[in-house]
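Have a look at the structure below, then the notes.
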């Protein structure tokens, strides 16, 4: 799907930025780059900033107008500052990625267009676009670097792509990412009983007046979503502690 | 809310990247930057790449260890490549922003930690974190520029912030079941050091061959997001165990 999405840079001044854009694109799985009249390209600065994404620079098409760059595209989205005199459908990067994803899955060609470093796209250029996308920057300081702006859009395109491909991979991996299976309810209960036994033994817990101590510990260890390995380790600690106490008690003189 | 979120850069080699990070942060409304032993800072390259975000550079704290940089934080999230031998709770940038947003709205201090340009964070540094965040880059080419990585995370933090601000999207705030504040990074570290001491004492842990024992326990307790009361209880258990062992050792006959 990402193959159908093109990045277009209009009149880029600094060749280093073209390299940074290539790198940002490649990390996110994009490869189709078109340059509308860049000031200097190819250029060693572009190559060095691309940091291993030279293949994208080598394949990049240089054209002389934006119309030419997007001629074969069914969906064109232009990056824009928030305020424009003629309001266009304005979307955020996440909505941009959803739209672009839908279109490219239907085998449409999509272009996301980025303007000049200092003043973006002209009104005429923006008027060629189906949508305008705005990266929600701070009002007082909205000056995103060109490479950074492409990185944000490319990141959202990739997130949307991955969500489509493997929704389960994007969902929270917080507790399922362990190398060992989650402990069963029974394993955790046995650990908690063992823990309570030790707490009583070391007189941390008074069985005649237990209060909420075990409730608090129970909540803690339930929340931690222990895996089997962790339960075994914790029980090992309890057993070793009891063993030491027993050894020392044995050698203790009576009376 | 964004005021409670700190960006920490560890051992940054290129001062230009520090400037790019400052710019990325400022565009998204972040301002708290800490630098752990940067190679060169302050530096003219940092200033020029910051492009108007010099105020962040001027305020940036330089410290000598990661522990120092995050000592007052209740939630520490480290950026990481996907594959690690001992998996930690691994989240994506969007989940990272949700977690950080929830924490900072409860007036907790949050740090997002970024490693070296060439090899990221060490395993020891990652072990200091509650969560690891991974930017879902291409498998064959996952080399995000440091400034670009900060831009993606900062963008998600801002998106989450803006979603919260829009009243219609305000979800019922996650009810914190804990009556006590989350433990600070420092409190948790002190507990882990105390725990390690006991594990050595009961010979669960061999200091000459520690293996991954403490890493596993560290992961477990970082994941549990302990509150201050729980840390105190756990330390009470450790102290009482040590007290019993000491008492029994004293009364043990010599020879």
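The values are calculated or read from the model by the stated rules, or taken from the named source; none is laboratory data. These numbers come from a predicted model, not from an experiment. Note that we place each Cβ from the backbone using ideal geometry, even for glycine, and neighbour counts take in every protein chain shown.
Data table
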{"item": "Single residue of region B:35-51 satisfying the filter (farther than 22 Å from residue A:151 by Cα and buried (at least 21 other Cβ atoms within 10 Å of the Cβ)) that is farthest from the other protein chains (Cβ to nearest Cβ)", "result": "B:36"}
{"item": "Residue A:111 more than 30 Å from residue B:48 (Cα to Cα), touching a residue at least 12 places away in the same chain (Cβ under 8 Å), touching a strand residue (DSSP E or B) at 6+ places or on another chain (Cβ under 6 Å) and buried (at least 24 other Cβ atoms within 10 Å of the Cβ)", "result": "yes"}
{"item": "Test: residue in region A:166-179 that is modelled with pLDDT of 85 or more, in contact with a helix residue (DSSP H, G or I) (Cβ under 6 Å, 6 or more places away or on another chain) and either surrounded by 17 or more Cβ atoms within 10 Å (Cβ to Cβ) or under 20 Å from residue A:7 (Cα atoms) (or both)", "result": "no"}
{"item": "Region A:233-255, subset at the interface with another protein chain (Cβ under 7 Å from one of its Cβ atoms) and touching a residue at least 12 places away in the same chain (Cβ under 8 Å), residue farthest from residue B:89 (Cα to Cα)", "result": "A:245"}
{"item": "Candidates B:13, B:106, B:80, filtered to the one that is touching a strand residue (DSSP E or B) at 6+ places or on another chain (Cβ under 9 Å) and modelled with pLDDT of 95 or more", "result": "B:13"}
{"item": "Positions within region A:55-67 being surrounded by 13 or more Cβ atoms within 10 Å (Cβ to Cβ) and either within 17 Å of residue A:126 (Cβ to Cβ) or at pLDDT below 95 (or both), in sequence order", "result": "A:65, A:66"}
{"item": "Subset of region B:217-232 that is out of contact with any strand residue (DSSP E or B) (no Cβ under 9 Å at 6 or more places or on another chain) and surrounded by fewer than 17 Cβ atoms within 10 Å (Cβ to Cβ) - its residue that is nearest to the other protein chains (Cβ to nearest Cβ)", "result": "B:229"}
{"item": "Conditions (1) more than 9 Å from chain A (Cβ to nearest Cβ); (2) surrounded by fewer than 17 Cβ atoms within 10 Å (Cβ to Cβ): number failed by residue B:203", "result": "(1)"}
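Okay, residues lined up against (1) crowded, with 18+ Cβ neighbours inside 10 Å; (2) within 14 Å of another protein chain (Cβ to nearest Cβ):
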| position | (1), (2) |
| --- | --- |
| B:53 | yes, yes |
| B:74 | yes, no |
| B:77 | yes, yes |
| B:80 | yes, yes |
| B:118 | no, yes |
| B:124 | no, no |
| B:132 | yes, yes |
| B:135 | yes, yes |
